[in-house]
Amino acid sequence: MNENDLLDIIRKEIEKYIREKNSSQEQNIKEKITLLGEDLILKEELKKRFEISDESDKIVVFSLEIDELFSISNATYINPKTELIIKSLLKNKYIYLIEEGISWRSYSCEVKKIADKYLSYEKELKDMGIKIIKKMEVLDYLDNTKRKKYFDKKVMTLKDVKEIEREAADEIVISDKIFITDSAKEYLKNSALEIKKG
């Protein structure tokens, strides 16, 4: 074995070592999320799977007071928390609001007019792209797994597509025989929703 052969073997081993080290480091990198509010149990659970950071594309909001709900539904902000949410929406970040943390829901409100008003604020948030989810669904939504919605009507309209999008689905599964309106097709071109036939 000459000197060049020995150098080639050493070089290949070094390259192999560097590749293995880089791939193991990539596997240890956790996805970043931002947390707003206090829920110690959920926070600890999320820390096991994600890196908590002020800079991320996914924001989990643990709680929202009535004035904050109103403010965000009107695309304004009243404090640093609502400012971060509004600015994150403008940057197309994913925002997940824990349903159990919406303060008005902790009251047993029997005045239908008030409950309807607060529900209309929540609908505005959903229309803006904020996902209102149950506490137990947080990990499912934060994982990059796709959420499917099975569509079984004969005609898919723009209204249907927007409703599916509000339900936080990533993929729509349709049959081959479904007719999709032109407005729905146009909307789907610019949407993150995927359509699969099956």
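The values are calculated or read from the model by the stated rules, or taken from the named source; none is laboratory data. Bear in mind that the values here come from a model prediction, so they are computed numbers and not experimental data. Positions of Cβ are backbone-derived with ideal geometry, glycine not excepted, and every protein chain shown enters the neighbour counts.
Observations
- Screening ILE132 on (1) more than 19 Å from LYS32 (Cα to Cα); (2) out of contact with any helix residue (DSSP H, G or I) (no Cβ under 6 Å at 6 or more places or on another chain); (3) outside any helix (DSSP H, G or I) shows it passes everything except condition (2).
- Failed item, numbered, when ILE86 is tested on (1) at pLDDT below 90; (2) under 19 Å from SER120 (Cβ atoms); (3) not basic (Lys, Arg): (1)
- Considering (1) closer than 24 Å to LYS58 by Cα; (2) touching a residue at least 24 places away in the same chain (Cβ under 8 Å); (3) in a helix (DSSP H, G or I), the lone condition that GLU137 does not fulfil carries the number (2).
- Subset of segment 149-198 that is among the small types (Gly, Ala, Ser) and over 23 Å from the mean Cα position of the chain (by Cα) - its residue that is modelled with the lowest pLDDT: GLY198
- Of all residues in segment 99-127, those that are among the β-branched types (Val, Ile, Thr) and assigned to a helix (DSSP H, G or I) total 1.
- A single member of GLU110, GLU186 is of a type in the set (Asp, Glu) and either surrounded by 13 or more Cβ atoms within 10 Å (Cβ to Cβ) or not assigned by TED's automatic domain parsing to the domain that holds VAL61 (or both), and it is GLU186.
Table: residues versus (1) farther than 27 Å from TYR118 by Cα; (2) of a type in the set (S, T, N, Q); (3) not assigned by TED's automatic domain parsing to the domain that holds ILE130.
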{"site": "TYR17", "(1), (2), (3)": "yes, no, yes"}
{"site": "TYR77", "(1), (2), (3)": "no, no, no"}
{"site": "ILE95", "(1), (2), (3)": "no, no, no"}
{"site": "SER103", "(1), (2), (3)": "no, yes, no"}
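- When ILE95, ILE114, ILE86 are checked against the criterion of being in contact with a strand residue (DSSP E or B) (Cβ under 8 Å, 6 or more places away or on another chain) and of a type in the set (A, V, I, L, M, F, W, C), ILE95 stands alone in meeting it.
- Long-range neighbours under 7 Å by Cβ, at least six apart or interchain, first residue surrounded by fewer than 16 Cβ atoms within 10 Å (Cβ to Cβ) within segment 145-160, second part of a loop (DSSP other than H, G, I, E, B) and modelled with pLDDT under 70: ARG147/ALA168; ARG147/ALA169; LYS148/ALA169
- Put simply, of LYS113, LYS117, LYS81, LYS93 the only residue that is charged (D, E, K, R) and touching a residue at least 40 places away in the same chain (Cβ under 8 Å) is LYS81.
- Residues satisfying the stated conditions in segment 64-85, i.e. buried (at least 17 other Cβ atoms within 10 Å of the Cβ) and among the polar types (S, T, N, Q): SER71, SER73, THR82
- Pairs, first over 15 Å from LYS159 (Cα atoms) in segment 181-197, second assigned to a strand (DSSP E or B) and at pLDDT below 85, C-beta under 7 Å, six or more apart: GLU194/GLU171; ILE195/ILE172; ILE195/ILE174; LYS196/GLU171; LYS196/VAL173; LYS197/ILE174
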